[in-house]
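Participant: The structure is given below, and queries will be raised subsequently.
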Amino acid sequence: MRKIVSQVIVILSFLIVGCQSSSKQKLLFVAENIEFAKTQEKLQVDAIEKSGKILNPRTVADGKVKYISPEDWTSGFYPGTMWYMYELTGDSTWRTYARKYTQAIDSVKYLTWHHDVGFMIQCSFGNGLRLGEQAYKDVIIQAAKSLSTRFHPVAGITQSWNVDKGWQSQRGWECPVIIDNMMNLELLFNATKLSGDSSFYKIAVSHADQTIKNHYRANYSCYHVVDYSLKDGSVRNRHTAQGYAHESSWARGQAWGIYGFTVCYRETHNPKYLEQAQKAFEFVVHNKNFPADFVPYWDFDAPKIPNEPRDASAAAIMASALYELSTFDNGEYYKGWADKIMASLASPPYRAKVGENGNFLLMHSVGSIPHGAEIDVPLNYADYYFLEALLRKNQLEKKIN
Ligand code: GLY
């Protein structure tokens, strides 16, 4: 009997020590990545401040950091990165920068010529409001009004791109909607909560429902572009713009879908959105081309896999979504996947060395291969979702331990 008791004590001690060292490892992972981000982001912001201008970094081109105007679809990510740096470190210096760079894109609230106002305002002003900037409330509501001007009741969706100029005018589309647009719905949900006007919520739900119906294939992969008829709302075409082929599965599109439906479930509690996010992730996880390091090739059907560029941005978006998904159902499973993706992104093949990579955090993302744009580069949205995922991981692990 005494022997059994002492064996049980030995086993329990191993388990306790094992658990302690694994929670210590988790805390160390987060702390080390926060330290890295502090150093790298400080270099980025110091270079901007030194210029005496308010600049908004997007990527690196020809060896130089490329800065963008407030109207660029990615303009909310850098201010959002500053908010996450504040939240991760508690250092008010980041908050001062966050306010300054957020204020610099205030005019975006009136933008009506593309759908990305949701991304732009939610990542910047949305995070600021969440962290206590009450004055940002009106910006969110105005931006939601601007986005709502793109809603077409006959098709039940908000139009993504205009088709009167640029390369979009060459494709024969009438009303293109891209899967990315799922990411703009969070702004609409928030605007209803802030204003009490349910019309924004209704637009978001209608858009999400049409996306399930028309963007997704039977295997839960999604098309990039669905073109609707403005006359009767029918689907005219199912195409790609940034993927390999119309029938292929563009990696970032799959990630936008998983993230977008996770948000829809959070905001509505409708289980069909949870199921959509979960099944869309199962498509990724069971795909024969999902690589062993969990950072997708730019398209799951790219013809020269494994000799194709990776897209770290798709991995970061997915990791962040999976942390949130883990709070709803099957927590260990989704958090486990998110942790594996994060470990890979934070390892030397993907995480930049301090002072390199234009002072962006992650290497090896892809903007649009069909357009010959931003291939195997850092991107501000890869960094934004990496930090968001780190924050979510930290919050989850603090709760667990
Ligand atoms: N929303 C544009 C992109 O994902 O490239």
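Each reported figure results from applying straightforward, stated rules to the coordinates on display, with no laboratory input. Quantities reported herein were computed from a predicted structural model and do not represent experimental measurements. For neighbour counting, all protein chains shown are included, and Cβ atoms are generated from backbone atoms with ideal geometry for every residue, glycine included.
Participant: Can you tell me which of SER160, SER195, SER344 moves the most in a GNM of the chain? Springs connect C-alpha atoms under 10 Å apart.
Facilitator: SER195
Participant: Among SER249, GLY372, THR81, whose Cα sits farthest toward the positive end of the charge dipole of the chain (+1 at Cβ of Lys/Arg, -1 at Cβ of Asp/Glu, about the Cα centre)?
Facilitator: Projecting each Cα onto the dipole axis, the largest value belongs to THR81.
Participant: Check the straight Cα-Cα distances from LYS50 and name the lysines below 21 Å, setting aside those fewer than 8 residues away within the same chain.
Facilitator: Cross-link targets: LYS38, LYS42, LYS64, LYS66, LYS100.
Participant: Something else now. Starting from the 7 Å offset along Cα-to-Cβ, what nm value, one decimal, do you get for the label separation of LYS398 and VAL163?
Facilitator: 4.8 nm
Participant: Sticking with this structure for a sec: Give the shape of the stretch 24-144 as rounded, prolate or oblate, defined through the alpha-carbon gyration tensor: a ≥ b ≥ c are the square roots of its eigenvalues, a/c under 1.5 means rounded, and otherwise the shape is prolate if a/b is larger than b/c and oblate if not.
Facilitator: Judged from the Cα gyration tensor, the stretch 24-144 comes out oblate (a/c at least 1.5, b/c at or above a/b).
Participant: First check a/c for the stretch 297-389, with a ≥ b ≥ c the square roots of the eigenvalues of its C-alpha gyration tensor; if it is under 1.5, answer rounded, and if not, answer prolate when a/b is larger than b/c or oblate otherwise.
Facilitator: Verdict is oblate for the stretch 297-389.
Participant: Relative contact order for the chain: what is it in percent, counting Cα pairs under 8 Å that are at least 6 residues apart?
Facilitator: Relative contact order of the chain: 15 percent.
Participant: With 10 angstrom as the radius, rank GLU71, GLU324, GLU133, GLU35 by how many other C-beta atoms surround their C-beta, starting from the fewest.
Facilitator: GLU35, GLU71, GLU133, GLU324
Participant: 7 Å from Cα along Cα→Cβ at both ILE375 and GLU35: what's the point-to-point distance in nm?
Facilitator: Computed distance between label sites ILE375 and GLU35 equals 3.8 nm.
Participant: Next up: Could you work out how far the C-alpha centroid of the stretch 327-378 sits from that of the stretch 172-231, in angstrom?
Facilitator: 26 Å
Participant: Sort PHE294, PHE360, PHE328 by Cβ crowding within 10 Å, fewest neighbours at the top.
Facilitator: The most exposed by this proxy come first: PHE328, PHE294, PHE360.
Participant: What percent do you get for the relative contact order of the stretch 277-328 when only Cα pairs under 8 Å and 6+ apart count?
Facilitator: In percent, rounded to a whole number, it is 24.
Participant: Looking only at PRO370, PRO176, PRO70, which one moves most when the chain is put into a Gaussian network model with springs between Cα atoms under 10 Å?
Facilitator: Among PRO370, PRO176, PRO70, the largest GNM mean-square fluctuation belongs to PRO370.
Participant: Counting only C-alpha contacts under 8 Å and six or more residues apart, can you give the relative contact order of the stretch 55-108 as a whole percent?
Facilitator: Dividing the mean separation by the residue count of the stretch 55-108 yields 31 percent.
Participant: What ranking of TYR265, TYR84, TYR78, TYR110 emerges when the number of other C-beta atoms within 10 Å of each C-beta is taken as an exposure proxy, fewest first?
Facilitator: Starting with the residue having the fewest Cβ neighbours, the order is TYR110, TYR265, TYR84, TYR78.
Participant: Only helices at least 27 Å long along their axis, Cα-based, and averaging 0.0 or more on Kyte-Doolittle count here, so list those DSSP H runs from the chain.
Facilitator: Working: long enough: 2-51 (73 Å, 0.30); 380-400 (30 Å, -0.71).
Both cut-offs are met by 2-51.
Participant: Starting from the Cα-Cα distance between LYS42 and SER347, subtract it from 0.36 nm times their residue separation and give me the gain in nm to one decimal.
Facilitator: That works out to 107.8 nm of additional length.
Participant: Cross-link partners among aspartates and glutamates for LYS231, C-alpha distance below 19 Å, same-chain residues fewer than 8 apart left out?
Facilitator: ASP164, GLU174
Participant: Rank ARG95, ARG217, ARG58 by mean-square fluctuation in a GNM of the chain with C-alpha springs under 10 angstrom and give only the top-ranked residue.
Facilitator: For the chain, modelled as a Gaussian network with Cα springs under 10 Å, the answer is ARG217.
Participant: Apply the a/c threshold of 1.5 to the C-alpha gyration tensor of the stretch 142-248 and tell me whether it is rounded, prolate or oblate.
Facilitator: In terms of gyration-tensor shape, prolate.
Participant: Return the subset of LYS24/LYS340; LYS202/LYS335; LYS279/LYS399 for which the Cα-Cα distance in this structure is over 21 Å, preserving the input order.
Facilitator: Checking Cα-Cα distances, LYS202/LYS335; LYS279/LYS399 exceed 21 Å.
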